[in-house]
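The values are calculated or read from the model by the stated rules, or taken from the named source; none is laboratory data. Since the structure is predicted, the reported quantities are computational estimates derived from the model, not experimental observations. A quick note on method: Cβ atoms are made from the backbone with ideal geometry, for glycine too, and the neighbour counts reach across all protein chains shown.
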């Protein structure tokens, strides 16, 4: 069941990444504006709209009341999560989504390190599956079998992916004796709280948010609401998978499929011309990722 939850999670996130790319490239904020103003609208609306996800879980779930420790861990897991959000939006200003998203697979390595440090273990087949997924995602990103790592992007992604790994590890700890839905609810409360603090304290973010509301009103709010709904639904599926999977890094390693789904969306619904062509290297990468999924699934049967 965890595999199904994980696949739903990465598919929904691919749709989210696609819409994020559209919202970023269709930003009407003047080019000479500072980068903080450019990402402010997306970052604030993503964090503030988390309140709708929290309300939805509150209405539909009976598992909101969890242990105090799980509630605290869930709430504070919002901090590394928002750090990851911010880094992601900053990177989308300079890099296309198909280049950024595969590198989030580095979170699998960080999460694996955390689990091993806290007494976890992993099978050889599972480890080989993660390696296969990482290689496939890298080749899909690089477009070549040569080792040509975009150093600047990689250096930025290291703290971003470690923040995401810390978030998932905190969720795993919090949900070990509590409802994953309840943990997700308190995390959304934390994300919303941070959103209000950013709105009040960071002028550049606030200016960018107000500018996009004034000049792109309905389209910006409408697409952002759809995107946030898909995003929060995706995280719920991820947390349900993490709560039952033997090793949490298996879930993050399946993010390799996210690149496949994202590339497919760009192929059939291109935003830019360079998204429309699938090369032999990309086909090989997709097969390598699929093989990694097979190994991971087999390792927990």
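Remarks
- So residue 195, is it surrounded by fewer than 23 Cβ atoms within 10 Å (Cβ to Cβ) and over 17 Å from the mean Cα position of the chain (by Cα): no
- Per this entry, residue 100 is not counted among residues that are part of a helix (DSSP H, G or I), at pLDDT 80 or above and surrounded by fewer than 21 Cβ atoms within 10 Å (Cβ to Cβ).
- Number of the exception - residue 40 against (1) closer than 25 Å to residue 251 by Cα; (2) crowded, with 16+ Cβ neighbours inside 10 Å: (1)
- Residue identified as under 16 Å from the mean Cα position of the chain (by Cα) and modelled with pLDDT under 80 among 61, 121, 108: 108
- Tally of residues being touching a residue at least 24 places away in the same chain (Cβ under 8 Å), farther than 13 Å from residue 185 by Cα and surrounded by fewer than 20 Cβ atoms within 10 Å (Cβ to Cβ) across the stretch 68-83: 3
- Tally of residues being modelled with pLDDT under 75 and either surrounded by fewer than 24 Cβ atoms within 10 Å (Cβ to Cβ) or more than 14 Å from residue 104 (Cβ to Cβ) (or both) across the stretch 244-269: 5
- For the residues 121, 178, 108, the requirement of being part of a loop (DSSP other than H, G, I, E, B) and closer than 16 Å to residue 242 by Cβ singles out 178.
- Residues of the stretch 30-55 that are over 13 Å from residue 191 (Cα atoms) and not in a helix (DSSP H, G or I): 30, 31, 32, 33, 34.
- Residue 173 vs. criteria at pLDDT 85 or above, within 20 Å of the chain's Cα centre (by Cα) and surrounded by fewer than 21 Cβ atoms within 10 Å (Cβ to Cβ): yes
- Among (1) outside any helix (DSSP H, G or I); (2) in contact with a helix residue (DSSP H, G or I) (Cβ under 9 Å, 6 or more places away or on another chain); (3) surrounded by fewer than 16 Cβ atoms within 10 Å (Cβ to Cβ) - the single one residue 158 does not satisfy: (1)
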